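A.B. asks: Got a structure for you, written out below as structure tokens; questions coming shortly.
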Amino acid sequence: MSDERARHILLVLKAGVGATVRVGLLAGPLGLATVVRVDGERVVLSCEFDGTRPQPPRLDVLLALPRPKVLGRLWSQLAALGVGRIVLVNAARVERCYFDSHVLSPENYRPRLIEGLQQARDTLLPEVLVRRRFRPFVEDELNALFPAGLRLVADPAGERRIGDFFPKADDAAAPRVLLAVGPEGGWVPFELELLRAHGFEIAGMGRRTLRTDTACIGLLSIVAEHLRA
């Protein structure tokens, strides 16, 4: 290889001939590789994979489309945190022009998602869906895409914390979670009521109103911690 991966091996890991580095196949297993040759900026590896794939994430996110710069920062973080499916939806407080941004093109977000997987030592690329109409998605598609599990919608007014919705018994299996995160202006009452009517529980993280990227990373981190418990 002679791309960014090779530069990372040579300049960041400083791995020369004979060194061992961790590798993975996209949508496949993890493994170890030995550097067998370095020709300038070209690196040749001998790879051995263990044959087992990482466990699929049990966390999905329904995200009101944020500003393009914010979404650009979020892509790698979402993959690193272990999100299985990312649904970007419209909302009353989402600017319509956001849907025309280049950050929604697979050519833009796929490398950023892979960067997040590399950081977290995962190989399962999140699925990305873009939906321009909020109500039709919730009423017509939601149940088919997410047939079971715990549905949470984040809102500063939520009196219950995320941990309140998870089973307390040590032997109780944590459910699959779909987390809905609104725009920086928040969900409007109609959107909250529609989500509640489709099985979402309102969860809060304190009374502070946070930026989308801060709230999203914080909320997903809390959910991921409960899923590991």
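The values are calculated or read from the model by the stated rules, or taken from the named source; none is laboratory data. Source: prediction; values computed, not measured. As a convention, Cβ positions derive from the backbone with ideal geometry for all residues, glycine included, and neighbour counts pool all protein chains shown. Keep in mind that these areas ignore ligands, DNA and RNA; they rest on the heavy atoms of the full protein, side chains included. Shrake-Rupley method; radii C 1.70, N 1.55, O 1.52, S 1.80 Å.
A.B. asks: If you count, for each residue, the other Cβ atoms within 10 Å and average over each peptide, how do 60-66, 137-143, 155-161, 181-187 line up from highest to lowest?
C.D. replies: Per-residue mean Cβ counts within 10 Å order the peptides as 60-66, 181-187, 137-143, 155-161.
A.B. asks: How much of the accessible area of the chain, probe 1.4 Å, is carbon plus sulfur, in whole percent?
C.D. replies: 50
A.B. asks: Taking Cα atoms, how many degrees apart are the long axis of helix 106-120 and the longest axis of the chain, rounded to 10 and kept between 0 and 90?
C.D. replies: That works out to roughly 70 degrees.
A.B. asks: To the nearest 20 debye, what is the magnitude of the charge dipole of segment 139-229 about its Cα centre, counting +1 on the Cβ of each Lys and Arg and -1 on the Cβ of each Asp and Glu?
C.D. replies: It works out to roughly 340 debye.
A.B. asks: Pop out the ³J(HN,Hα) list for segment 23-29 in order, Karplus 6.51 cos²θ - 1.76 cosθ + 1.60 with θ = phi - 60°, rounded to Hz; leave Gly and Pro as x.
C.D. replies: 9, x, 9, 4, 6, x, x
A.B. asks: Can you tell me the orientation of helix 68-81 relative to the chain, as the angle in degrees between its alpha-carbon axis and the longest Cα principal axis, to the nearest 10?
C.D. replies: 70
A.B. asks: Something else: Note down the relative contact order for the chain as a percent, whole number, built from C-alpha pairs under 8 angstrom at least six residues apart.
C.D. replies: 20
A.B. asks: Over what distance in Å are the Cα centres of segment 180-229 and segment 82-110 separated?
C.D. replies: Here the answer is 17 Å between Cα centres.
A.B. asks: Looking at the chain only, what percent of DSSP beta bridges run antiparallel? Nearest 5 please.
C.D. replies: Antiparallel bridges make up about 35 percent of those DSSP assigns within the chain.
A.B. asks: Using a 1.4 Å probe and counting only protein heavy atoms, arrange Thr209, Thr34, Thr214 so the residue with the most accessible area comes first.
C.D. replies: The most accessible residue leads, giving Thr209, Thr214, Thr34.
A.B. asks: Something else about it: Write down the accessible area per residue of the chain in Å², having rolled a 1.4 Å probe over the full set of protein chains.
C.D. replies: 54
A.B. asks: Report the gain in length on full extension from Ile222 to Cys97: 0.36 nm times residue separation, minus Cα-Cα distance, nm rounded to one decimal.
C.D. replies: Extra length from Ile222 to Cys97 when fully extended: 41.9 nm.
A.B. asks: Counting Lys and Arg as +1 and Asp and Glu as -1, each charge on the Cβ, what is the dipole of the chain about the Cα centre in debye, to the nearest 20?
C.D. replies: Here the size comes out at about 380 debye.
A.B. asks: Shifting gears a bit: Within the set of other residues whose C-beta is less than 14 Å from the C-beta of Cys97, count the net charge using Lys and Arg as +1 and Asp and Glu as -1.
C.D. replies: Summing Lys/Arg as +1 and Asp/Glu as -1 gives +3.
A.B. asks: Ok, one more. Which whole-number percentage describes the relative contact order of segment 130-229, with Cα contacts under 8 Å and a sequence gap of 6 or more?
C.D. replies: Relative CO of segment 130-229 lands at 39 percent.
A.B. asks: Here's another thing I want to ask about it. By its C-alpha gyration tensor, with a ≥ b ≥ c as the square roots of the eigenvalues, how is segment 166-229 shaped: rounded for a/c under 1.5, else prolate for a/b larger than b/c, else oblate?
C.D. replies: Oblate shape, in that a/c is at least 1.5 and b/c is the bigger or equal ratio.
A.B. asks: Now a separate question. Got a sec to turn the phi values of segment 180-194 into Karplus ³J(HN,Hα) couplings, 6.51 cos²θ - 1.76 cosθ + 1.60 with θ = phi - 60°, whole Hz, x for Gly and Pro?
C.D. replies: The phi angles translate into 9, 10, x, x, 4, x, x, 5, 7, x, 4, 5, 4, 5, 5 Hz.
A.B. asks: Here's something else I'd like to know. What order do you get for 191-204, 120-133, 16-29 when each peptide is scored by the mean count of other beta carbon atoms within 10 Å, highest first?
C.D. replies: 191-204, 120-133, 16-29
A.B. asks: Any chance you could run the full-extension gain for Phe190 through Val21? It's 0.36 nm times the residue separation minus the Cα-Cα distance, nm to one decimal.
C.D. replies: 55.7 nm
A.B. asks: Just to verify a number: what accessible area does His226 come out at with the full protein assembly present, 1.4 Å probe, Å² rounded to tens?
C.D. replies: About 60 Å², ignoring ligands and nucleic acids.
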